[in-house]
Amino acid sequence: MEEWRRILADSLVKPKQLAERFGLDAEELEAVVGPYPMRITPTVLATIKEKGDAIWKQVVPDTVELADAEAEDDPLEEDLMSPVPHLVHRYPDRVLLMVTNQCPIYCRFCTRKRLVGKPGFLKKGELDRAIAYLRDHTEVRDVILSGGDPLLLPDHLLERILKALRTIPHLELIRIGSRVPGTLPERITPRLCEMLKKYHPFYMNLHFNHPDELTPEVKRACGLLADAGIPLGAQTVLLKGVNDDPEVMKRLMHQLLLARVKPYYLYQADLTKGTNHFRTTVETGMQIIKALQGHTSGMAVPHFVIDAPGGGGKIPVLPSDYLVHMDEDGVVLQNYEQKTFHYPQPSANGKRELPMVGAYAASSSTRDGYASCGDSHTGKLDGFAAWGNSCGGDYDDL
Ligand SMILES: *Cc1c(COP(=O)(O)O)cnc(C)c1O
Ligand code: SF4
């Protein structure tokens with residue numbers, strides 16, 4: 001057995017084990033784990049510092065999950081947008097394909113709580129049907145393998161899927177969404193990376209919610225993937241009591257960048273049944289974005305989105321303060337320090353555009369330098385050298 005399989009098998013899955021370890025009521029846990037399975041990998045267990053902390057809340061079953069009877073199992077209506085089993089076609093040019101319903105851990109707030117961790121997911125022939133659908137739909141240029149967690153498939157099965165996808169000529173991008181690097185880093189083996197890099201352009205979006213998840217082993221796993229040329233993004237769910245705090249979120253974003261992972265999405269929590277105790281106000285997310293934008297590297301700022309209930313897809317939500325006013329003359333903007341600025345529209349008064357540009361170019365010597373850079377840059381190799389010189393950059397000095 002591969003090492004990572006053995007480690008995964010060492011995970012906590014039985015309420016009794018958990019109850020003994022933390023002094024909890026095993027019967028209560030049993031009641032939750034019936035409908036909503038649990039799994040806590042050794043890496044994640046080791047990261048829990050105390051009962052009730054940010055890691056604990058994400059993985060330890062809680063009876064409040066059962067007190068959420070009113071909510072819906074599938075608020076994003078994924079099942080209604082599924083032309084063939086396990087494939088969700090919501091957007092014009094990309095689809096989501098769920099290749100397994102197994103995960104390294106079962107997040108208590110999971111949007112797909114209705115299906116993860118239960119037996120009997122993929123039936124014979126279903127993957128072939130999904131691939132056939134993709135082959136027929138030439139408008140699809142981007143496929144996201146999801147689940148569940150695709151990286152829980154053994155290498156040879158995962159490769160079979162990737163290979164089949166790469167026989168579809170109109171398919172440009174393949175992406176995988178995964179929580180494995182952050183929870184079962186041993187799964188990221190050099191062999192896996194060698195295999196994945198054959199299927200470029202191949203992207204991965206990793207799931208991380210708290211800075212404590214970025215342990216040295218986890219960072220090493222991300223580094224192996226990055227070294228295989230796989231651009232890594234991060235998806236984070238805004239969770240009450242876990243990361244609904246600008247300081248925690250800033251630390252998370254910084255840790256991600258240190259792990260060579262670019263923050264991609266910050267999700268407002270969905271309305272999924274059994275998860276509503278994790279929801280925050282929408283303002284909480286906007287405050288977090290405001291606390292990041294301008295205050296730290298732009299690379300550290302994810303898109304804050306709400307996946308619209310009813311299947312509307314992801315909709316970006318920006319703090320409303322940035323755009324104070326907009327009309328045909330221009331916009332009034334407010335920056336991260338609450339200072340206001342005016343930006344004129346090009347067509348303002350129907351005549352402002354040309355004089356403005358001319359005046360600017362003539363009055364600025366750096367502007368001339370810039371122009372000559374542009375000119376020589378379009379030239380041949382000596383042009384390129386001239387570009388270096390005219391910009392004050394002598395390559396020998398670099
Ligand atoms: C999130 C999602 C995608 C991908 O969306 P991007 O904004 O391109 O990352 C595609 N399909 C479904 C159903 C999704 O939920
Ligand atoms: S890893 Fe992803 S799919 Fe699996 S339980 Fe967590 S959030 Fe859900």
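Treating cross-link reach as a plain straight distance, find the aspartates and glutamates whose alpha-carbon is under 18 Å from the alpha-carbon of residue 198, omitting any fewer than eight places away in the same chain. Straight-line reach from residue 198, under 18 Å: 142, 155, 159, 172, 227. Cross-link pairs exceeding 21 Å in C-alpha to C-alpha distance, out of 262/290; 123/273; 262/314; 250/290; 14/118, comprise 123/273.
When only alpha carbons are used to place a centre, the range 46-76 and the range 294-316 end up 23 Å from one another.
Based on the alpha-carbon gyration tensor of the range 3-62 and its eigenvalue square roots a ≥ b ≥ c, which shape applies: rounded if a/c is under 1.5, prolate if not and a/b is larger than b/c, or oblate? Oblate shape, in that a/c is at least 1.5 and b/c is the bigger or equal ratio.
Pairs of alpha-carbon atoms within less than 8 angstrom and 6+ residues apart define the contacts here; what relative contact order does the chain have, in percent? Display every interim value, and only then the final one.
Numbers: 683 pairs, mean separation 51.1, N = 398.
Normalised by residue count, the contact order of the chain is 13 percent.
Annotation: amide H of residue 314 within the under-5 Å range of 308, sequence separation 5 or more or interchain, hydrogens built in the peptide plane.
Efficiency by 1/(1 + (r/R0)^6): what FRET value for residue 138 and residue 198, r their Cβ-Cβ distance, R0 = 25 Å, to the nearest 0.05? Let's see the in-between values first.
Values: r = 24 Å, r/R0 = 0.95.
So the FRET efficiency works out to roughly 0.60.
For the pair residue 338 and residue 73, label points projected 7 Å from Cα toward Cβ lie 4.9 nm apart.
Residues of the chain were split at every exposed loop site, defined as trypsin sites (Lys or Arg not before Pro) in a DSSP loop with at most 16 other C-beta atoms within 10 angstrom, and the longest piece left, sites excluded, is 261-338. Here the sum of -39500 (n - 2.57) over DSSP H runs of 4 or more residues, divided by the residues of the chain, equals -10000 deg cm²/dmol at 222 nm, to the nearest 500. Could you calculate the FRET efficiency of residue 93 with residue 3 from 1/(1 + (r/R0)^6), where r is the beta carbon distance between them and R0 is 56 Å, rounded to 0.05? Calculated value: 0.90.
Any read-out appearing in this document is the output of simple, stated calculations on the displayed coordinates, not a laboratory observation. No experiment lies behind these values; they were computed from the predicted model shown. Counting neighbours? That spans all protein chains shown, and the Cβs are built from the backbone with ideal geometry, glycine included.
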